[in-house]
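The structure appears below as structure tokens.
Read-outs throughout are calculated quantities, based only on the coordinates presented, and are distinct from any laboratory measurement. What you see is a predicted model, and the numbers here were worked out from it, not measured in a lab. So basically every Cβ, Gly included, is an ideal-geometry build from the backbone, and we count neighbours across all protein chains shown.
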């Protein structure tokens, strides 16, 4: 894949991922009519080709491996696209001390030569 083609693929692949994670209707279309769904994001495939959505490849995400999988589709007619389930964001409760530090209640001075919120 040439540099320009690769950049276009990565941009469209990113759109597929973010839409799949944020738009339940798109995620459903991705499962029921994957070729049409990825085309909405700019990834077109030849008519008659299959698009297979892979939810788990194992190991860490690898963009280069995804580019190679997509390139193999041009030869085999089966375009495989790794679309993992929505990533989980770790959240935790902040303590009163955490909140005070964030809101400017931290008493640590930066000791810089210009006045700022911690020096004045």
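Would you mind computing, in nm to one decimal, how far apart the modelled labels at residue 99 and residue 18 are, each placed 7 Å from Cα along Cα→Cβ?
3.2 nm
Simple spin-label model, 7 Å along Cα-to-Cβ: residue 74 to residue 28 in nm?
3.5 nm
Please state the relative contact order of region 3-82 as a whole percent: Cα pairs under 8 Å, 6+ residues apart?
Computed over region 3-82, the figure is 26 percent.
Treat the count of other C-beta atoms within 10 Å as a stand-in for reagent exposure and order 51, 38, 102, 67 from fewest to most.
102, 67, 51, 38
What does the C-alpha gyration tensor say about the overall shape of region 3-82? Classify as rounded when a/c is under 1.5, otherwise prolate if a/b is larger than b/c, or oblate.
The shape class here is rounded.
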